[in-house]
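Some notes on the structure that comes next.
We did not get these values from a lab; they are worked out from the coordinates using the rules stated. Everything numeric here is computed off the predicted structure, so don't read it as measured data. Backbone-built Cβ (ideal geometry, glycine too); neighbour counts: all protein chains shown.
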Amino acid sequence: MGALAELKRQWPGIVVGAIPGLALSLYIYLQTREARDPVFVVDANGVEIISRERVANSPITVLHDGVPIRGDVYAARFFFWNAGKRSIRPENVLEPIQITLGDSGSQILDFRSLRASRPVAHVQLTRPRANAQTLLVTFSILERGDGLSGQIIYQGRRRAPLQVTGTIEGAEIRTTAAPSVWVTIGTLAGDLAVIVLVPIVAGALVILVGLVVMKVFGRLKVKEWLERHPRLKKGLRVAPKMVGVGAVILFLVWTFFVVREQQTTNVVNAVPTAIVP
């Protein structure tokens, strides 16, 4: 009955102290989970090539396939890659992966692949015939980090959306460079668990070894020693709660700032170096 009463009295400390262990378990699960994670992002820093107003007042006529260009012309970069640990093969593509200019009044004048990953992946960008708004992405395999960066030159609105469509078995094409909030929280939780647990375990081992050595040599009886130092005894009881609460507060603050930074960072910073032009 005494043990049960003690357990009831100490349950807040036990719960708070278990949080780093649970966080570490979540981190290990996320790190070992194999999943496909196709990502498509567009560089927001588009470039104006031709201004309709300047062309209208210029003696120079700009042609595309023999037809004068009357509208604004822009260049836009985009990136497509697999961020997951599980490979994507052509048989996993249930519907073709298409990149479409989502504005009926805009058209793609030209396109090119800026940089593709490993040659063995055979990542290519093609254009279906008689389609002025769509590109097709094909590949032999996409392992983690495989993909391509591309560029289109298009006539139309500056903010004409560049969209991706397609169906991949067991995955949805992600259109944000930052991972999901849960993945971010899991990663941060694992890092924090390591930061918190390592000092605690190391300190506990040092104290335990010291007490064992002193008891073996008969220099000190632990219980009596703690009775002679009531403040230390009380501190040892309160310390796990304080460390646990501090870890939770630190984790929440850390998560808030990291998630906010990921949401505002330039998408190019999250792109694998293998496809950065």
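Residue-wise HN-Hα couplings along the stretch 67-74, as the Karplus relation 6.51 cos²θ - 1.76 cosθ + 1.60 with θ = phi - 60° gives them from phi, are 10, x, 8, 10, x, 6, 10, 10 Hz; Gly and Pro carry x. For the listed peptides 111-120, 37-46, a ranking on the average number of other beta carbons within 10 Å per residue, highest first, reads 37-46, 111-120. Taken one residue at a time, the phi angles of the stretch 138-152 give Karplus couplings (6.51, -1.76, 1.60, θ = phi - 60°) of 10, 6, 8, 6, 10, 8, 4, x, 7, x, 8, 10, x, 9, 10 Hz. Gly and Pro are set to x. Taking only the Cα atoms of the stretch 38-168, the ratio Rg/Rh comes out at 1.03, with Rh defined as the Kirkwood radius. Packing order of peptides 155-164, 88-97, highest average first: 155-164, 88-97 (average count of other Cβ atoms within 10 Å over each peptide's residues). Less than 13 Å Cβ to Cβ from Val137, Lys/Arg counted +1 and Asp/Glu -1: what total charge do the surrounding residues give? Net charge in that neighbourhood comes out at -1.
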